[in-house]
Every structure is written in C-alpha cells, then in structure tokens.
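Asker: My questions will all concern the structure given below.
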Amino acid sequence: MGLPLWLWHIFVFLVGLCVGSFLNVVVYRLPLGRSLVFSRSGCLTCGAQIAWYDNIPLLSFVVLGGRCRLCKAKISWQYPAVELVTGLLFLVALLTFGPTRQGLAHLILLGALVVLSVIDIKSYTLPDKITLPGIFFGILVVPWLTAPSFVPYEIITAYREAFVGSALGGWLLFLVGALGDWAFRKESMGGGDIKLAGMIGAFLGWKMVILTFLLASALGALGGVLTMLIRGWKKGTMIPFGPYLALGAGIGVFYGEEIWLALVQFAGG
Ligand SMILES: [Zn+2]
C-alpha cells in the first residue's frame with residue numbers, strides 16, 4: 001500500500017463506522033423481516049426519509065444533537081454507539097491481525113456479535129436468522145479462512161477444530177441450561193444462547209469457546225450484581241446472557257491465547 005500507515009488506520013476506522021451504520025439497519029430490520037438493502041432509512045418517529053447528509057456515521061448524530069431534523073424526536077444512543085464500537089473493532093482487528101484471512105473471519109464474527117448483542121438487550125431474543133447461518137458459515141467457510149495455508153492436512157485440522165468447537169459450545173450451554181432449569185425451576189438458558197455458543201465455537205475452536213463461557217459467566221455474574229445494586233432486586237428480572245457471551249468471545253478474539261496460557265499455567269500449579 002502506498003498510503004502512510006496512519007492514513008490507512010483512519011481509512012479502516014471509517015470503513016468500520018460505515019459497517020456499524022449498516023449493522024444498525026440489520027438490528028432494526030432483521031427482526032421485522034424487512035429487506036436490508038432495498039429501501040431507504042426513515043425516522044422511527046415521523047417516518048420522514050433520512051437525507052444522505054443526515055445519515056453520516058457518528059457525525060450526523062453529533063451535528064443533529066441526537067434528534068431528527070424534522071420532528072426533533074430523540075434518536076437512540078444505540079446508533080452512534082454501534083457505529084463507534086464497530087469502527088474501533090475494525091481498527092483493533094487490523095492492528096492485531098493485519099489484512100489477513102484470519103482477520104476477516106474475526107471481523108465477520110465480531111459484526112454478528114454486535115448485532116446479536118443489541119437485539120438481545122432490546123428484545124431478549126437471539127434470532128435464528130443470524131445464529132444458524134453463523135454456525136454453518138463457521139463450520140463450512142471459516143476453516144478456509146483460519147487455516148495457516150491451503151495444505152490438505154491444515155484444512156482438515158481447521159475443519160475438525162470448527163466442528164468440535166461448535167458442538168462443544170452448544171453442548172456446554174445446553175448442559176448448564178439444563179442444570180439451571182433444575183436448580184431454579186425455571187428456564188435459565190434460552191435456545192438462542194445454545195446456538196450462539198455453537199456459532200462462537202465454530203469460529204474460534206474448542207479452547208476459545210470454553211474461555212468464552214468462563215468469561216461470560218464471570219462477567220454475567222458481575223453484571224447481574226451491578227444491575228441489582230443499581231435498579232434493586234425485582235423478582236423475575238431478566239438478564240440476557242447473549243451480550244456476555246459476545247463480550248467473552250470478543251475478549252477471546254483479541255486476548256484469548258494469552259489468557260488461556262495463563263489459565264493452563266495456573267491450573268497446572
Ligand atoms: Zn422524525
């Protein structure tokens with residue numbers, strides 16, 4: 001590339017912002033079954049079409065003061081937050097993995113995790129429309145992206161890793177869910193969480209899906225306690241587990257190898 005490095009970084013960050021803008025569209029339209037590409041975005045309150053200059057990631061939100069230009073209805077913080085997070089993920093992924101096939105696989109996973117987290121926070125569901133294609137893509141395509149080279153032995157190893165990771169992730173969540181149902185006499189783990197863990201395992205393999213589960217449980221417990229302290233304990237409060245799995249997987253993508261080695265050393269004394 002003839003570009004100076006810092007310009008290249010800014011470019012990747014801007015691409016991430018635009019992808020984040022698209023992920024916001026997916027979050028809103030996918031649960032409604034609407035087309036993701038063939039229609040312009042409108043204001044959720046007054047329905048007015050949003051002009052291109054009011055649809056620039058991050059910038060438009062700041063310029064408009066977080067309100068619709070026409071009806072002045074507040075625009076959700078979700079929009080700039082998803083854009084910024086996706087932009088930063090693209091930048092950090094480039095800095096960590098470089099422009100590689102593996103980096104691409106991680107970005108696809110991270111994008112899906114952003115969308116699933118926001119949908120789970122908003123509606124306590126993890127749509128099959130994302131997790132099931134995610135599992136198939138993870139098992140069928142990701143081995144070609146993560147194998148160090150296209151030597152048959154390495155491709156086969158990568159396929160085995162994806163398959164074992166996916167199965168282990170799904171079973172882990174299924175068993176913990178069954179145990180939780182028995183212990184608390186109510187459904188503790190949704191089917192969506194099981195499929196999400198299957199998807200993460202397909203992308204990241206068996207070690208990282210175990211690490212994801214451990215991190216998600218620890219962060220989930222912490223988040224649960226904080227939620228109770230801030231909002232007070234109410235019976236039947238639902239805490240979605242999907243965002244914690246996503247967070248655990250995100251940490252696994254960037255710091256997983258180091259944390260795994262530290263855990264193994266710790267367990268080995
Ligand atoms: Zn409006």
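Asker: Residues of segment 177-190 being of a type in the set (A, V, I, L, M) and either surrounded by 13 or more Cβ atoms within 10 Å (Cβ to Cβ) or in contact with a strand residue (DSSP E or B) (Cβ under 9 Å, 6 or more places away or on another chain) (or both), which ones?
Answerer: Answer for segment 177-190, where residues must be of a type in the set (A, V, I, L, M) and either surrounded by 13 or more Cβ atoms within 10 Å (Cβ to Cβ) or in contact with a strand residue (DSSP E or B) (Cβ under 9 Å, 6 or more places away or on another chain) (or both): just Met189.
Asker: Moving to a separate point now. Please go through segment 25-47 and pick out each residue that is away from the ligand (no atom under 16 Å from the Cβ) and polar (S, T, N, Q).
Answerer: Residues satisfying the conditions are Ser35, Ser39.
Asker: Take the residues in segment 77-117 that are farther than 22 Å from Pro133 by Cα and without any contact (Cβ under 8 Å) to a residue 12 or more places away in the chain; name whichever of them is least open to solvent (accessible area, probe 1.4 Å).
Answerer: Gly98
Asker: Collect the residues in segment 56-76 that are part of a loop (DSSP other than H, G, I, E, B), more than 13 Å from the ligand (Cβ to nearest atom) and surrounded by 14 or more Cβ atoms within 10 Å (Cβ to Cβ), keeping them in residue-number order.
Answerer: Ile56, Pro57, Leu58
Asker: I'm told Asp193 meets every condition in (1) touching a residue at least 60 places away in the same chain (Cβ under 8 Å); (2) open to solvent by less than 10 Å² (accessible area, probe 1.4 Å) except one. Can you identify the failing condition by its number?
Answerer: Every listed condition holds for Asp193 apart from (2).
Asker: Which pairs do you get when a residue that is within 12 Å of Thr45 (Cβ to Cβ), found in segment 57-73, comes within reach of a residue that is outside any helix (DSSP H, G or I) and more than 8 Å from the ligand (Cβ to nearest atom), reach meaning Cβ atoms under 6 angstrom, with the pair 6+ apart or on two chains?
Answerer: These pairs meet every condition: Arg67/Lys74.
Asker: Looking at (1) β-branched (Val, Ile, Thr); (2) under 15 Å from Gly252 (Cβ atoms); (3) over 20 Å from the mean Cα position of the chain (by Cα), which is the only condition Ile210 fails?
Answerer: (3)
Asker: Right, something else. Is it the case that some residue within segment 9-30 is out of contact with any Lys or Arg (no Cβ under 8 Å at 6 or more places or on another chain), loosely packed, with under 11 Cβ neighbours inside 10 Å and outside any loop (DSSP other than H, G, I, E, B)?
Answerer: no
Asker: Another question about this same structure. Answer yes or no: is there a residue in segment 160-176 that is open to solvent by less than 60 Å² (accessible area, probe 1.4 Å) and farther than 22 Å from Leu247 by Cα.
Answerer: no
The values are calculated or read from the model by the stated rules, or taken from the named source; none is laboratory data. This one's a predicted model, so the numbers in the text were calculated from it and none came from an experiment. Cβ sites come from the backbone with ideal geometry, for glycine too, and all protein chains shown count toward neighbours. These accessible areas exclude ligands, DNA and RNA; they are computed on the full protein's heavy atoms, side chains included. Shrake-Rupley method; radii C 1.70, N 1.55, O 1.52, S 1.80 Å.
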